[in-house]
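What follows is one structure encoded as structure tokens, with my remarks underneath.
The values are calculated or read from the model by the stated rules, or taken from the named source; none is laboratory data. Everything numeric in this text was worked out from a predicted model, so none of it was measured. Cβ placement follows ideal geometry from the backbone for every residue including glycine, while neighbour counts extend to all protein chains displayed.
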Amino acid sequence: MSDLTKEEQANVRAAVRFLRFRCGGWLPLAKALRVGRTTAQRANSPMVAYRAARLAGVGVDDVLTGKFPPAGTCPMCGHRPSQT
């Protein structure tokens, strides 16, 4: 059971998957988030949402609502199609 809604959990998982690429894998991401690899992969807790937001430099609301990463952002390079 989680304190997050199903939608919030899905948004946190999307943010964590994006950060996984930016950090170079699950283990470096887990270390950056200061959690175990399994906890990072599950990404269904408010603590992971908060730590992911801090790591990304965005507000926790952006992670919970799905504003981070912006839709269409490449997980490898961070490029967004709307950028020139």
Within the range 1-41, of all residues that are of a type in the set (Asp, Glu) and surrounded by fewer than 16 Cβ atoms within 10 Å (Cβ to Cβ), the one farthest from residue 68 (Cα to Cα) is 3
Determine which member of the set 17, 22 is touching a Gly at 6+ places or on another chain (Cβ under 9 Å), within 20 Å of residue 78 (Cβ to Cβ) and modelled with pLDDT under 95. 22
Is there a residue being among the hydrophobic types (A, V, I, L, M, F, W, C) and in contact (Cβ under 8 Å) with a residue 60 or more places away in the chain anywhere in the range 33-48? no
